[in-house]
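Heads up, the thing below is written out as structure tokens.
The values are calculated or read from the model by the stated rules, or taken from the named source; none is laboratory data. A quick note: this is a predicted structure, and the numbers were derived from the prediction, not measured. Neighbour counts are summed over all protein chains in view; Cβ atoms, including those assigned to glycine, are modelled from backbone coordinates with ideal geometry.
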Amino acid sequence: IMATDVADDREMREAQRDYLDFLDDDQDQGIYQSKVRDMISENKARLIVNINDLRRRNEARAAKLMNNAFEELLAFQRALKDLVASVDGTYAKQYEEFFIGLEGSFGSKHVSPRTLTSRLLGSMVCVEGIITKCSLVRPKVVRSVHYCPATKKTMERKYTDLTSLDAFPSSAIYPTKDEENNPLETEFGLSIYKDHQTITVQEMPEKAPAGQLPRSVDIILDNDLVDAVKPGDRVQVVGTYRCLPGKKGGFTSGTFRTIMIACHIKQMSKEVSPCFTADDVAKIRNFSRTRSKDVFDQLARSLAPSIHGHEYIKKAILCMLLGGVEKVLENGSRIRGDINILLIGDPSVAKSQLLRYVLHTAPRAIPTTGRGSSGVGLTAAVTTDQETGERRLEAGAMVLADRGVVCIDEFDKMSDMDRTAIHEVMEQGRVTIAKAGIHARLNARCSVLAAANPVYGRYDQYKTPMENIGLQDSLLSRFDLLFIMLDQMDPEQDREISDHVLRMHRYRDPREQEGAAMALGGTVDVLATEDPDAAVEEHEELQIYEKHNNLLHGSKRKRDKIVSKEFMRKYIHIAKAVTPVLTEEAANHIAEEYSRLRSQEQLGADLARTSPVTARTLETLIRLSTAHAKARMSKAVELQDSEVAVELVQFAYFKKVGAGTPKPAKPREDEPMDASLQAEDAELSAERCVCARVCVCVCVCVCGFLF
């Protein structure tokens, strides 16, 4: 045993010397020497080391660090303390220990919670996922100091458990008496404590294989890592993977609980950005410049090309993916930039297929259904921790989809109580929880794309749209656009749809093999992670247009080129970053159209509206105009943008196709309009126009737009 201890001690000293040589090295221009000095100046105790640098200098030591994480990381941290002591001796005494955080390429040890298996126990791993639970931050004693009044002596005691790097945990007994049975007093001011928190990381919802539940792993955070993240954040955690033995009455079953002890946690970007090359950006700019007149129509045609028709709805979905401009004013109020869309219609009109396309195109999208969702499941829930019994907050679907899209299918199947839970999210972009002693506010700045069936299953032409929809006005006004999709009997259109569907069924993927089984998750990979430091090399050149196929695109549509999905995804990502400014010409046009919309609503009898025309409609026009300007990569919202926005709103509200700027209704010849009534109507219309222009000017000025 003594020989083994000596050998282990010698190996530890050798490892410590290797790590000290790596940190205190001038070959790499002294990168880590300067990083240590920066750490001291910032009053921190954790140094972030790139594993690729260590692999380049000492490959054998890097391999040992990956496979035998506990002993190697302990030696690395001791080497860091020695280096800090040589640079600044007084600073080294302030901290009990210094910490090493790792980043870089982890190869086969770069995993998701699903692929975290027993072969990785004791290794250094990198896990990506989304945080679903966070416990409260608790203090944990590291070293206690005790004073004995009888003997006038002071003693101290260190505490370690299975969540520390030390091999053996110390006894959990807290000393109250010394060897001679004299009482001890604890000196709390001299004792040392550390912060301790447990989080649960779940694999990305959109990456979980179809038909399987997302898996999760518990992660221990200590010291400076606590409270670095919150529920709903997408993170990359590097740490050591180990098991905790569970004893019951001195006996153990073969199943142990596994946890991960984090040494570095990195918050991933809120926007899931694809890899761009300089050539990609040049192609995107050239595309927007050369197709400046019809770029919006071209992109809208390329949305869900497997679905025939629905041109206006595809344009609206493109506007939703691009979004408006969000404003947070100095007084704290927020004007949302997210566009919400509701699709209501008969069965078999491709509502769910449109939702599925958005799931595969949007940078971040969370799917859910009305029947399988509750109000707290969409927003946030307060749950009880099984181990500690304390209350904690769990993020719902809309919080997880922050800065993304929530697709809710079967929206009409939700109960009224559950639907009212999303009112605040759709307008304010946040979730407020005040229950069970917890008061919290979580961000949920997401667009909502919902699909529903009418009240009677199919749309009843003899009833008004409001009777068919059957939803409250308070909820409908929060949807920017509401489209009614009817299954109408038109022989010519039915023939086109049947040709289109039959062509889709005749198409065979060239890579498809005879008798080969489809993958379980469709296009989704089981491994939800990518190497952050891998060379960004795209072997295939970005194709702007899809290769024409007579079965997929039809023989007549050879002129109408379809933009590829990869190009569409990258184009939307770049266009979303543009922040257009509203011009005076567009503002005046929006004001006039808003007053005209309000007057159309007053007519009532011959124009049945689908949703109420309120002040939110004015903001809808601004958001849609901004989204159209983004599609053109323009920095100004011009008249052509507002005209497209008005056309979309006219179609959504009154089912007017290609209305643009509708002409005022003329009186019928058999009912001549009285001159006094005509003058009164003109005066009322002018008043409304002035009020709307003032309203839009106030809204635009407050939003921070420039004229």
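Glu424 meets each of the listed conditions (1) assigned to a helix (DSSP H, G or I); (2) in contact with a helix residue (DSSP H, G or I) (Cβ under 6 Å, 6 or more places away or on another chain) apart from (2). In the condition set (1) within 30 Å of Thr361 (Cβ to Cβ); (2) in a helix (DSSP H, G or I); (3) at pLDDT below 80, Ala586 is compliant with all but (3).
Among the residues of the range 72-117, those identified as under 37 Å from the mean Cα position of the chain (by Cα), in a helix (DSSP H, G or I) and closer than 25 Å to Arg10 by Cβ are Glu72, Leu73, Leu74, Phe76, Gln77, Leu80.
Does the range 338-349 include one or more residues that are assigned to a helix (DSSP H, G or I), assigned by TED's automatic domain parsing to the domain that holds Leu449 and at pLDDT 80 or above?
Within the range 338-349 (the criterion being assigned to a helix (DSSP H, G or I), assigned by TED's automatic domain parsing to the domain that holds Leu449 and at pLDDT 80 or above), the answer is no, since none of the residues qualifies.
Of all residues in the range 86-93, none are surrounded by 15 or more Cβ atoms within 10 Å (Cβ to Cβ), in contact with a Cys (Cβ under 7 Å, 6 or more places away or on another chain) and not assigned by TED's automatic domain parsing to the domain that holds Thr160. Listed conditions (1) in contact with a helix residue (DSSP H, G or I) (Cβ under 7 Å, 6 or more places away or on another chain); (2) assigned to a helix (DSSP H, G or I) are all met by Arg356, apart from (1).
Just to be sure I understand, how many residues within the range 207-233 are of a type in the set (S, T, N, Q) and part of a loop (DSSP other than H, G, I, E, B)?
Looking only at that region, the number is 1.
Filter the range 569-580 down to residues that are out of contact with any strand residue (DSSP E or B) (no Cβ under 9 Å at 6 or more places or on another chain) and either modelled with pLDDT under 80 or not aliphatic (A, V, I, L, M) (or both) and give me whichever is farthest from Tyr357 (Cα to Cα). I'd like the intermediate steps shown before the answer.
Here is the first cut: in the range 569-580, the ones out of contact with any strand residue (DSSP E or B) (no Cβ under 9 Å at 6 or more places or on another chain) are 569-570, 572-579.
Narrowing further to those that are either modelled with pLDDT under 80 or not aliphatic (A, V, I, L, M) (or both): 569-570, 573, 576, 579.
Details: Arg569: 12, Lys570: 15, His573: 16, Lys576: 19, Thr579: 26 Å.
Per the stated criteria, the residue is Thr579.
Does the range 624-679 hold any residues that are modelled with pLDDT under 55 and either aliphatic (A, V, I, L, M) or assigned to a helix (DSSP H, G or I) (or both), and which are they? Write out each step before concluding.
The initial filter retains those residues of the range 624-679 that are modelled with pLDDT under 55, namely 657-679.
Of everything in the range 624-679, those that are modelled with pLDDT under 55 and either aliphatic (A, V, I, L, M) or assigned to a helix (DSSP H, G or I) (or both) turn out to be Val657, Ala659, Ala665, Met673, Ala675, Ser676, Leu677, Gln678, Ala679.
I'd like to know if the range 56-64 contains one or more residues that are assigned by TED's automatic domain parsing to the domain that holds Ala262, over 26 Å from Lys194 (Cβ atoms) and either part of a helix (DSSP H, G or I) or modelled with pLDDT of 80 or more (or both). No, the range 56-64 has no match at all. One residue stands out in the range 432-447 among those that are touching a helix residue (DSSP H, G or I) at 6+ places or on another chain (Cβ under 6 Å) and assigned to a strand (DSSP E or B): the one that is surrounded by the fewest Cβ atoms within 10 Å (Cβ to Cβ), namely Leu442.
Free of Cβ contacts under 8 Å to residues at least 40 places away in the same chain, among the hydrophobic types (A, V, I, L, M, F, W, C) and either under 30 Å from Gly377 (Cα atoms) or surrounded by 15 or more Cβ atoms within 10 Å (Cβ to Cβ) (or both): does that describe Cys126?
Values: free of Cβ contacts under 8 Å to residues at least 40 places away in the same chain: no; among the hydrophobic types (A, V, I, L, M, F, W, C): yes; either under 30 Å from Gly377 (Cα atoms) or surrounded by 15 or more Cβ atoms within 10 Å (Cβ to Cβ) (or both): yes.
Criteria not met by Cys126.
Applying the condition of being in contact with an Asp or Glu (Cβ under 7 Å, 6 or more places away or on another chain) and farther than 20 Å from Ile484 by Cβ to the range 336-364 and asking which residue is surrounded by the fewest Cβ atoms within 10 Å (Cβ to Cβ) yields Pro363. Among the conditions (1) modelled with pLDDT of 80 or more; (2) within 30 Å of Thr361 (Cα to Cα), Val455 misses just one, which is (2).
Exactly one residue out of Arg61, Arg56 is surrounded by fewer than 17 Cβ atoms within 10 Å (Cβ to Cβ) and more than 25 Å from Lys44 (Cα to Cα): that is Arg56. For the range 307-330, the set of residues classified as surrounded by fewer than 23 Cβ atoms within 10 Å (Cβ to Cβ) and under 19 Å from Asn443 (Cβ atoms) consists of Gly323, Val325, Glu326, Lys327, Val328, Leu329, listed by residue number. Evaluated against (1) over 21 Å from Lys655 (Cβ atoms); (2) touching a Lys or Arg at 6+ places or on another chain (Cβ under 6 Å); (3) among the aliphatic types (A, V, I, L, M); (4) crowded, with 21+ Cβ neighbours inside 10 Å, Met414 falls short on exactly one condition, (2). Restrict the check to the range 453-462 and report whether at least one residue is surrounded by 19 or more Cβ atoms within 10 Å (Cβ to Cβ), on the phi < 0 side of the Ramachandran plot, outside any loop (DSSP other than H, G, I, E, B) and in contact with an Asp or Glu (Cβ under 9 Å, 6 or more places away or on another chain). So far as the range 453-462 goes, no, none of its residues is surrounded by 19 or more Cβ atoms within 10 Å (Cβ to Cβ), on the phi < 0 side of the Ramachandran plot, outside any loop (DSSP other than H, G, I, E, B) and in contact with an Asp or Glu (Cβ under 9 Å, 6 or more places away or on another chain).
Among the residues of the range 211-230, is any among the small types (Gly, Ala, Ser), modelled with pLDDT of 80 or more and crowded, with 20+ Cβ neighbours inside 10 Å? Within the range 211-230 (the criterion being among the small types (Gly, Ala, Ser), modelled with pLDDT of 80 or more and crowded, with 20+ Cβ neighbours inside 10 Å), the answer is no, since none of the residues qualifies.
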